[in-house]
Amino acid sequence: MGNFLNVAPTTLLVIVVLILTALAFFMARNRAMAAASGDARKLHSLPNYYGYNAAMMTAIPALFVLAIWLFVQPMLIQNSVISLIPQAAVSEGSSVNLVMSDVRRVANGLTTAVDAGALTADAARDISTANTDIRSLLAESGVALGSEVTAEVLNAAQRYRSMQATGQWLMTAAICAISLIGLFIAMRATTATFRARNLVERFMLALLMIAASLAILTTVGIVFSMLFESINFFSLHPWQDFFLGDKWSPNFRGDSDLSILPLLWGTIYISIIALLVAVPIGLFAAIYLSEYANSKVRAVAKPLLEILAGIPTIVYGLFALLTVGPFLVDLFGRGENGILGVDWMSGATSVLTAGLVMGIMLIPFVSSLSDDIINAVPQSMRDGSFGLGATHSETIRQVVIPAALPGIVGAILLAASRAIGETMIVVLGAGAIARISANPLEAMTTITTRIVSQLTGDTDFASPETLVAFALGLTLFVLTLGLNVVALYIVRKYREQYE
Amino acid sequence: MKDNVISEMDVTTDKIKISANNVQVYYGENQAIKDVSVEIQDKTVTAFIGPSGCGKSTFLRCINRMNDTIDICRVQGDIMIDGEDIYDSNVDPVQLRAKVGMVFQKPNPFPKSIYDNVAYGPRIHGLSRNKAELDDIVERALKRAAIWNEVKDRLNAPGTGLSGGQQQRLCIARAIATEPEVLLMDEPCSALDPIATAQVEELIDELRQNYAVVIVTHSMQQAARVSQKTAFFHLGNLVEYGETDKIFTAPEDPRTESYITGRIG
């Protein structure tokens with residue numbers, strides 16, 4: 001089975017099921033046509049629907065069981081094999097899980113050796129540690145083991161192999177049977193009056209519902225994984241220091257100061273600068289495009305502005321690092337050689353650098369949303385104002401913007417939540433020094449960049465220095481979620497006003 | 001002596017406020033108004049009637065140059081108000097619209113308080129020197145629009161919270177607060193129920209004492225009830241213009257007769 005056609009047995013099984021599915025489609029279709037003696041008008045549904053129905057019945061239950069089987073079988077095997085490993089076989093500084101991974105490697109190694117022809121199947125079954133050096137034997141077939149194979153491990157590995165082989169056969173048989181049963185049921189049901197179309201409709205509904213619930217479940221999953229790791233973190237590190245401390249200095253030898261406040265300050269400071277750049281420019285651009293620009297200018301300018309939104313943030317980061325940062329240093333730094341002749345700024349990375357570039361990134365975000373919202377203000381409002389002798393800008397200032405204000409506030413909050421979550425621009429533009437300072441020309445750092453640095457490199461997931469990343473992530477998530485909820489609430493409330 | 005007074009009054013009521021000569025309006029390639037000439041009297045209600053798409057609203061919007069806000073619209077010919085060509089390059093359309101107020105088909109109060117809605121025009125044109133004067137202007141406008149009693153206790157409530165008929169009267173108050181000389185009304189009652197319509201019609205009749213009122217309407221009964229002069233438009237042409245009584249009782253043009261008897265339109 002293992003080397004048949006040189007594909008993994010599970011892949012082969014899936015192919016078999018798919019062939020059966022295709023077969024079911026054509027058989028059911030033909031059967032339906034035969035039942036109607038060749039006249040498709042006598043059928044309840046179009047002939048293809050009978051085919052789809054049979055295909056569904058053949059494929060879906062079989063593939064569903066297959067997925068569950070593939071998930072459950074390794075757990076069952078592991079549980080029964082783990083009992084074969086005596087406590088004594090687990091050496092100091094190791095764990096049962098490490099021994100189990102050895103067992104799996106030996107078992108898979110033997111299978112590989114058999115496939116490569118280095119061992120016969122019988123020899124592999126009867127092999128023992130007494131008369132063979134299994135480690136070097138497997139090394140010849142390209143399987144490297146970390147340590148000598150002990151009798152217990154080999155024993156467990158053999159058990160693992162045999163159970164796996166049995167499981168494989170059982171699975172193949174069960175899946176084929178389920179598939180064939182489905183095919184049989186569908187074929188029996190295929191008559192001229194059978195409502196295949198309605199069943200296919202139900203299937204479509206189920207498919208769409210699964211897609212929708214997957215998106216929601218993923219969110220829930222993300223939140224829970226962050227939550228559990230954060231709980232781990234808080235069991236290792238005092239929450240008072242995390243939320244109320246004033247220093248961030250992770251130290252992988254332990255005893256670190258891990259406070260979110262300097263990072264939160266950096267995040268908020270940079271976001272505020274970004275919004276100070278993005279909101280006026282974005283809003284004015286939106287007003288120009290929606291109120292003044294004629295359709296030709298609009299057709300060109302709007303897509304051009306939205307191209308900004310398509311630039312990857314890492315490219316903005318490079319822009320910050322290579323262009324904006326050095327320019328700001330020329331402007332505010334270098335003493336006598338600088339443009340202003342002052343020496344306020346030493347390095348290219350600063351809050352201002354990151355804030356400016358992030359602001360540029362947010363312009364299309366603000367302008368595109370505001371544009372839609374301004375366009376949604378009814379023309380009758382503008383007519384009313386023009387009819388009273390107001391100029392265009394008076395109308396915009398006193399009627400259009402107040403009417404669109406809730407929506408614009410929503411757009412700004414959405415932009416703010418993007419600014420808070422932004423990573424690459426701040427990694428490259430803001431620097432890596434955690435501090436609480438009001439000077440925008442100093443380097444600072446944000447929550448997102450610290451998450452990156454705590455999780456890159458060699459890390460073990462048991463130290464507070466690593467786990468703090470999850471607590472930071474969770475805080476960030478709560479922050480942006482809150483902003484999004486408020487923004488969506490405001491936008492929705494605004495929408496009702498004109499309907 | 002008495003005869004003299006009457007003849008003098010006749011002269012003042014018959015004064016021509018708006019006179020249009022050979023007006024053509026194009027939307028892109030389409031000609032919406034064909035060669036319309038009409039003279040509208042001061043202190044009179046003039047009704048424009050006609051089937052949908054006949055150009056009556058378009059012509060109305062020419063009188064305060066609202067069509068300028070539509071990119072593809074072109075106006076030819078001349079329209080004079082008090083002998084001054086409003087399409088002359090010296091005329092600022094923004095100033096013109098302060099002089100020629102407009103009430104729209106759908107009540108369109110701004111999303112502001114009732115007070116601010118009415119004070120909007122006086123504020124942008126600087127008609128008041130202080131708050132007390134502005135209060136006075138707002139109160140007078142609301143009283144003239146016959147809505148003061150309903151809203152005097154809630155001037156700070158949003159204008160959008162009023163009922164449809166109240167909203168439309170608020171819009172009329174807003175329009176007359178800028179002291180216009182002409183009031184244009186584009187189907188002001190089409191979104192209102194019969195009771196609100198009756199209130200607005202009564203109001204229009206009162207407004208006649210101070211303004212030249214031009215009203216576009218789909219309802220021939222309404223034209224007959226409120227107007228002294230009626231103009232019938234059809235397919236962009238001004239078919240017939242005259243005393244309302246005459247138009248409805250003895251129309252000269254067969255198309256007018258077909259329309260008022262319900263055979264076309």
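The values are calculated or read from the model by the stated rules, or taken from the named source; none is laboratory data. A quick note: this is a predicted structure, and the numbers were derived from the prediction, not measured. Backbone-built Cβ (ideal geometry, glycine too); neighbour counts: all protein chains shown. Heads up: the accessible areas ignore ligands, DNA and RNA and are worked out on the full protein's heavy atoms, side chains in. Shrake-Rupley method; radii C 1.70, N 1.55, O 1.52, S 1.80 Å.
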Whole-Hz Karplus ³J(HN,Hα) for the stretch B:204-215, in order, using 6.51 cos²θ - 1.76 cosθ + 1.60 and θ = phi - 60°, x for Gly and Pro? 4, 5, 6, 5, 4, 5, 10, 10, 8, 10, 10, 10
Assuming a viscosity of 0.692 mPa s and a temperature of 37 °C, what translational diffusion coefficient in µm² per second does Stokes-Einstein assign to the protein assembly as shown, Rh being the Kirkwood radius over Cα pairs? 94 µm²/s
For A:LYS493, the lysines lying under 22 Å Cα to Cα, once residues fewer than eight places off in the same chain are dropped, come out as B:LYS112
With every protein chain kept in place and a 1.4 Å probe, the residues A:LYS493, B:LYS112, B:LYS56 fall, from largest accessible area down, as A:LYS493, B:LYS112, B:LYS56
How many percent of Cα pairs in the stretch B:105-257 exceed 23 Å? 41 percent
Computed over the stretch B:11-93, the convex hull of the Cα set has an average projected area, in nm², of 5.8 nm²
Note down the accessible area of A:LYS42, probe 1.4 Å, to the nearest 10 Å². 130 Å²
MRE, 222 nm, helices only [DSSP H, n ≥ 4, -39500 (n - 2.57), over chain A, to nearest 500]: -24000 deg cm²/dmol
Treating only the Cβ atoms of Lys and Arg (+1) and Asp and Glu (-1) as charged, compute the dipole magnitude of chain B about its Cα centre; round to the nearest 20 debye. 800 debye
Might you work out the accessible area of A:ARG125 for me, using a 1.4 Å probe with all protein chains in place, and round it to the nearest 10 Å²? 150 Å²
Expressed in whole Å with the largest first, what are the equivalent ellipsoid semi-axes of the stretch A:4-194 derived from the C-alpha gyration tensor as the square root of 5 times each eigenvalue? 49, 17, 11
Magnitude of the Cβ-charge dipole of the protein assembly as shown, K/R +1 and D/E -1, about the Cα centre, nearest 20 debye? 2200 debye
Out of A:GLY109, A:THR395, A:THR323 - ranked by how far each Cα lies towards the positive end of the dipole of the protein assembly as shown, with unit charges on the beta-carbon of charged residues - the top one is A:GLY109
Mean Cα-pair separation over length for the stretch A:421-473, i.e. relative contact order, pairs under 8 Å, 6 or more apart, %: 30 percent
Through the Karplus equation 6.51 cos²θ - 1.76 cosθ + 1.60, θ set to phi - 60°, convert the phi angles of the stretch A:199-205 into ³J(HN,Hα) values in whole Hz; use x for Gly and Pro. 5, 4, 4, 4, 4, 4, 4
What do you reckon, how do A:THR112, B:THR58 stack up by accessible area (1.4 Å probe), largest on top? A:THR112, B:THR58
Under the Karplus curve 6.51 cos²θ - 1.76 cosθ + 1.60, θ = phi - 60°, whole-Hz ³J(HN,Hα) for the stretch A:100-106, x wherever Gly or Pro sits: 4, 5, 4, 4, 4, 5, 4
Taking Cα pairs closer than 8 Å and at least 6 residues apart, the relative contact order of the stretch A:242-496 in percent is 26 percent
Determine the shape class of the stretch A:275-322: with a ≥ b ≥ c the square roots of the Cα gyration tensor eigenvalues, call it rounded for a/c under 1.5, and otherwise prolate if a/b is greater than b/c, oblate otherwise. oblate
How are the C-alpha pair distances of the stretch A:242-496 spread across 10 Å bins, as whole percents from the shortest bin up? 7, 25, 29, 22, 12, 4, 1, 0
So the FRET efficiency between A:ILE68 and A:ALA211, C-beta based with R0 = 30 Å and rounded to 0.05, is 0.95
Tell me which of B:CYS171, A:PHE224, B:GLY83 sits at the most positive position along the dipole axis of the protein assembly as shown, charges placed on C-beta atoms (Lys, Arg +1; Asp, Glu -1). A:PHE224
At 1.4 Å probe size, what's the solvent-accessible area of A:VAL329? Round to the nearest 10 Å². 10 Å²
What ranking of A:TRP265, B:TRP148, A:TRP169 comes out by heavy-atom accessible area, probe 1.4 Å, highest first? A:TRP169, A:TRP265, B:TRP148
Relative contact order for chain A using alpha-carbon pairs under 8 Å, separation at least 6, rounded to a whole percent? 15 percent
Chain B, Gaussian network, Cα under 10 Å: of B:ALA146, B:ALA32, B:ALA198, the residue fluctuating most is B:ALA198
For B:PHE233, distant residues with modelled amide H under 5 Å away: B:ILE49, B:GLY50, B:VAL239
Under 13 Å Cα to Cα from B:LYS246, which aspartates and glutamates show up? Leave out anything in the same chain fewer than 8 places away. B:GLU257
The size of the Cβ-based charge dipole (Lys, Arg +1; Asp, Glu -1) of the stretch A:242-496 about the Cα centre, to the nearest 20 debye, is 620 debye
